[in-house]
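Scroll down for the structure; my scribbles are underneath it.
The values are calculated or read from the model by the stated rules, or taken from the named source; none is laboratory data. Owing to the predicted nature of the structure, the values given are computational and were not obtained by experimental measurement. With ideal geometry, Cβ positions are generated from the backbone for all residues, glycine too; neighbour counts draw on all protein chains shown. All accessible areas refer to the heavy atoms of the entire protein, side chains included, with ligands and DNA or RNA removed. Shrake-Rupley method; radii C 1.70, N 1.55, O 1.52, S 1.80 Å.
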Amino acid sequence: MAGACSLSKKGFLDCGSSRGRSETVFLYECRDDLTAHLKNCFLSRADLKEYEVILQRAGFECLSHEQVKKLRVCPRHRYGLGKYWRPSKLCQYPGHKGTPTSVKSRDVINPAIAKEVFQLFGISVPIGSRKLEAHNILKISLS
């Protein structure tokens, strides 16, 4: 692979090839159509480019435009955090107390909630991750 992947140090995926591709590209050039993926993740209202989705799911919320232009991404990180990423079936909101609960609703972490979680808790929650419905939050917080 030409050039090192900028996401290799995050530790959630090993770098490598994926989907028959092995070349590392500039992240800013990742602009595949994610309409179907965002719809499947219940984020159809979000107007996001591929590289923005990858950045957010990798936990890089606070990078300048110039910093983003310098990042490179390998195919495994590109597709594993992009259009082939799948959410956990458990609630991902860090403030919810109790045992991890399987979530079957369409309530997901959208970009606004992800930003709020990062500001409040200092951790990155991938957009498209599921969150509990409001009535389930009350049940858990009361127990």
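Which pairs, out of Lys39/Lys69; Lys49/Lys115; Lys9/Lys69; Lys9/Lys70, put more than 23 Å between their alpha-carbon atoms?
Values: Lys39/Lys69 27 Å; Lys49/Lys115 17 Å; Lys9/Lys69 18 Å; Lys9/Lys70 16 Å.
From the list (Lys39/Lys69; Lys49/Lys115; Lys9/Lys69; Lys9/Lys70), the Cα-Cα distance tops 23 Å for Lys39/Lys69.
If you take every residue apart from Leu48 with its C-beta less than 14 Å away from the C-beta of Leu48, what net charge results, scoring Lys and Arg +1 and Asp and Glu -1?
Working: positive: Arg31, Lys39, Arg45, Lys49, Arg57, Lys83, Lys115; negative: Asp32, Asp33, Asp47, Glu50, Glu52, Glu61.
Value of the local net charge: +1.
Please work out how much accessible surface Phe118 shows to a 1.4 Å probe, ignoring ligands, DNA and RNA, in Å² rounded to 10.
60
So for Cys41, Cys15, Cys62, what's the accessible-area order with a 1.4 Å probe, most first?
Details: Cys41 5, Cys15 50, Cys62 100 Å².
Sorted by accessible area, descending: Cys62, Cys15, Cys41.
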